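Student: Have a look at the structure that comes next, please.
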Amino acid sequence: MATSLLFAVLGVAGEVEAQAAPDGTRAQRYSQLSRPAKRRVQKALYEAFYPILETGQVTYPGPTRAIGEILARLISGQLPTAAELAVFAQGQDVTELAGQLRVFVDAAIADEEA
């Protein structure tokens, strides 16, 4: 889950697209990190995601392991199914969550670049 969610937050479909991203974008900056640094960025995202979810800022009635895939599709702008749309109380939840997660990913990338 962390990888698909991370790529959605970065705005790319995967590692190849991250490497081809324009200079200075969060995806390109992430792609330039070492493998251990990328794992630390993923860990930072994971550590940010679950407390946000657990505080009830996003309402999700389904199994936790499916959340990342659904959020990845929603954040990246892909059309979810009607069932997937129904898992969130409000569409604004996803927009707010995406913004919060981008802040954490940006900070984690900056920490690794330092």
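The values are calculated or read from the model by the stated rules, or taken from the named source; none is laboratory data. For clarity, every value in this text was computed on a predicted model and none was experimentally measured. With ideal geometry, Cβ positions are generated from the backbone for all residues, glycine too; neighbour counts draw on all protein chains shown.
Student: Looking at segment 20-36, which of the residues that are buried (at least 16 other Cβ atoms within 10 Å of the Cβ) and aliphatic (A, V, I, L, M) is nearest to D111 (Cα to Cα)?
Tutor: Ranking the candidates gives L33 first.
Student: A13 - would you say it is among the hydrophobic types (A, V, I, L, M, F, W, C) and either within 18 Å of A110 (Cβ to Cβ) or assigned to a helix (DSSP H, G or I) (or both)?
Tutor: On the way: among the hydrophobic types (A, V, I, L, M, F, W, C): yes; either within 18 Å of A110 (Cβ to Cβ) or assigned to a helix (DSSP H, G or I) (or both): no.
For A13, the condition - among the hydrophobic types (A, V, I, L, M, F, W, C) and either within 18 Å of A110 (Cβ to Cβ) or assigned to a helix (DSSP H, G or I) (or both) - is not met.
Student: Can you find a residue that is modelled with pLDDT of 80 or more and either of a type in the set (S, T, Y) or not in a helix (DSSP H, G or I) (or both) anywhere in segment 91-103?
Tutor: Checking segment 91-103: not a single residue is modelled with pLDDT of 80 or more and either of a type in the set (S, T, Y) or not in a helix (DSSP H, G or I) (or both).
Student: A further question follows. Could you identify the single residue in R40, R65 that is basic (K, R), assigned to a helix (DSSP H, G or I), over 16 Å from V12 (Cβ atoms) and modelled with pLDDT of 90 or more? Step through it out loud before you land on a result.
Tutor: Values: R65 fails: modelled with pLDDT of 90 or more.
The unique qualifying residue is R40.
Student: While we're on this one: Here are some residues: D23, D111. Which one is in a helix (DSSP H, G or I) and modelled with pLDDT of 85 or more?
Tutor: Numbers: D23 fails: in a helix (DSSP H, G or I).
It is D111.
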